[in-house]
Amino acid sequence: MKKILILLTAGLTLALHAADANWAHMPAILARIQPPAFPLRDFAITQSGAVPGGTNDCSVAIANAVEACAAAGGGRVVVPAGVFLTGPIHLQSNVALHLETGATLLFKTEPKAYLPVVFTRFEGIECYNYSPLIYAFGQTNIAITGEGTLDGQADETHWLDWKGQKNKSAGTQKAARKRLDEMDNAAVPVAQRVFGPGSFLRPGFIEFNRCQNVLIEGVKIRRSPMWEIHPLLCTNVIVRGVDIFSHGANNDGCDPESSTDVLMEKCVFDTGDDCIAIKSGRNTDGRRVGVPSQNIIIRDCTMRDGHAGVAIGSEISGSCSNVFVENCEMSSPNLICALRLKSNAMRGGILQNIFMRDVHVGLVKDSVLQIDFLYDEGVNGSFPPVVDNVVMENLTVLKTPRILNVKGFPAATIGNVWIRHSTFKAIQKPDVVIAADVKLVDCTLEKAP
């Protein structure tokens, strides 16, 4: 059965025209986002003593190549074809890590290799923890490029088992994560939030922390311990043409957090969690740092397995605004939804000016749009979140259980949310809309036979 739904009033028409004007801001954002440039100077890791084969530890050789490149004024640290075993890689300003065709960096799985601890965030709260596999702090003009592979070697006996299942606590992150929450609530100074050995908090794969002018392009990312690409408090970031296949717990594809002017394009995501998850800190810590994620453009990407094609939250206490998503392909029986906004009364945050257009969805598991303000702590908190000015348009959806799964609560605000000029087929269930203002405008709906 087919149903044409047209809901147009004078006020709504004016509001939608105002939403249209927001796309006009995208060219100015794109104009600010520029790739870093590097001197035409190469430092092959083999010249520093790296030996291929996947059994020789090349950590020192790679670190020496990075140091030499930085000392010379910058250039590329080149990984040639072959398999090279390494521990964490710390990039410096004006250095691009370049993987040639056929090159693989195989990262060690012994946690002690990722010591000493570094300044990071774990799920939105600042602390000191194991070094990410590739890390930079406070650097300018850095990159990871090429056609090679970054392999974290995470599996159920290395890193991933630290997540822990429902009935398992020993040897998992549960106690440390609870302790970190308590430190956050008690405003314990960050310098005293030291984790690492015995805490089982997994490191991310790539974290660039407080960096400017960042490029990650072309590489393949496999078997991550946790989040794959994490630009944290960064400005001017490009993630382009990256191929991610990593299905462990919390294996988000890309998590721009408290970052400004970010472009993600022409990437493929096949992940164990959200394909893209925009964040800005959790709870008290997110409000203390108080830096939103803003001016983020996502285009020409392919999303397969994952929780959401694009998610905002749940660590969104610093708020988020001006997100533009266009020309993406999303489809998988394991992809929960196309767009997901999530928070609660403990995390709060204002999520505003979120726009999606010209997206083709083959199949999703739950819904097209999911807004979940009952996530985790739900209504138990003093910071009710806000969603305002969300417009999804020109969507083509071939199969979805429902269009909307929107769960708010009276103290929170979910308003000015529209889906328009879109087609939804093979709908199986009625929408869920609780304490929210969501409108479908000029849409075609077809129930499943």
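The values are calculated or read from the model by the stated rules, or taken from the named source; none is laboratory data. Note that the structure is predicted; figures quoted are calculated from it, not measured. Please note: Cβ atoms are built from the backbone with ideal geometry, for glycine as well, and neighbour counts cover all protein chains shown.
Condition check ((1) over 27 Å from Thr284 (Cα atoms); (2) surrounded by fewer than 20 Cβ atoms within 10 Å (Cβ to Cβ); (3) out of contact with any strand residue (DSSP E or B) (no Cβ under 9 Å at 6 or more places or on another chain)) across all residues:
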position: Asp358; (1), (2), (3): yes, yes, no
position: Val361; (1), (2), (3): yes, no, no
position: Val368; (1), (2), (3): yes, no, no
position: Val379; (1), (2), (3): no, yes, yes
position: Ala412; (1), (2), (3): no, no, no
position: Ala435; (1), (2), (3): no, yes, no
position: Val438; (1), (2), (3): yes, no, no
position: Cys443; (1), (2), (3): yes, no, no
position: Glu446; (1), (2), (3): yes, yes, no
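In region 310-336, of all residues being buried (at least 23 other Cβ atoms within 10 Å of the Cβ) and touching a helix residue (DSSP H, G or I) at 6+ places or on another chain (Cβ under 7 Å), the one that is nearest to Gln294 (Cα to Cα) corresponds to Gly318. Among the residues of region 140-156, at least one is more than 21 Å from the chain's Cα centre (by Cα) and at pLDDT below 95. For region 37-80, give me each residue that is assigned to a strand (DSSP E or B) and at negative phi. Asp42, Phe43, Ala44, Asp57, Arg76, Val77, Val78, Val79 - these are the residues of region 37-80 that are assigned to a strand (DSSP E or B) and at negative phi. Please tell me if Glu100 is charged (D, E, K, R), surrounded by fewer than 21 Cβ atoms within 10 Å (Cβ to Cβ) and at pLDDT 95 or above. Spelling it out, Glu100 is indeed charged (D, E, K, R), surrounded by fewer than 21 Cβ atoms within 10 Å (Cβ to Cβ) and at pLDDT 95 or above. Among the residues making up region 197-249, a single one is outside any strand (DSSP E or B), aliphatic (A, V, I, L, M) and within 15 Å of Ile296 (Cα to Cα): Leu233. Here Val83 passes the criteria (1) over 27 Å from Val289 (Cβ atoms); (2) assigned to a loop (DSSP other than H, G, I, E, B) except the one numbered (2). Take Leu404 and tell me if it is closer than 26 Å to Gly362 by Cα and free of Cβ contacts under 8 Å to residues at least 60 places away in the same chain. So Leu404 passes the test. Among the residues of region 264-281, the ones that are buried (at least 24 other Cβ atoms within 10 Å of the Cβ) and either within 18 Å of Gln352 (Cβ to Cβ) or not polar (S, T, N, Q) (or both) come to 11 in all.
A quick yes/no check of all residues on (1) touching a strand residue (DSSP E or B) at 6+ places or on another chain (Cβ under 7 Å); (2) touching a residue at least 40 places away in the same chain (Cβ under 8 Å); (3) surrounded by fewer than 19 Cβ atoms within 10 Å (Cβ to Cβ); (4) within 23 Å of Arg288 (Cα to Cα):
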{"residue": "Thr120", "(1), (2), (3), (4)": "yes, yes, no, yes"}
{"residue": "Ile125", "(1), (2), (3), (4)": "no, yes, no, yes"}
{"residue": "Asn129", "(1), (2), (3), (4)": "yes, yes, no, yes"}
{"residue": "Tyr135", "(1), (2), (3), (4)": "yes, yes, no, no"}
{"residue": "Ile144", "(1), (2), (3), (4)": "yes, yes, no, no"}
{"residue": "Trp159", "(1), (2), (3), (4)": "no, yes, no, no"}
{"residue": "Gly164", "(1), (2), (3), (4)": "no, no, yes, no"}
{"residue": "Ser169", "(1), (2), (3), (4)": "no, no, yes, no"}
{"residue": "Gln173", "(1), (2), (3), (4)": "no, no, no, no"}
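The residue list Gln370, Gln428 contains one member that is under 18 Å from Asp274 (Cβ atoms) and either touching a Pro at 6+ places or on another chain (Cβ under 7 Å) or touching a residue at least 40 places away in the same chain (Cβ under 8 Å) (or both), which is Gln370. Taking the conditions exactly as written (hydroxyl-bearing (Ser, Thr, Tyr), surrounded by fewer than 24 Cβ atoms within 10 Å (Cβ to Cβ) and free of Cβ contacts under 8 Å to residues at least 40 places away in the same chain), does Thr284 satisfy them or not? Against the criterion (hydroxyl-bearing (Ser, Thr, Tyr), surrounded by fewer than 24 Cβ atoms within 10 Å (Cβ to Cβ) and free of Cβ contacts under 8 Å to residues at least 40 places away in the same chain), Thr284 does not qualify.
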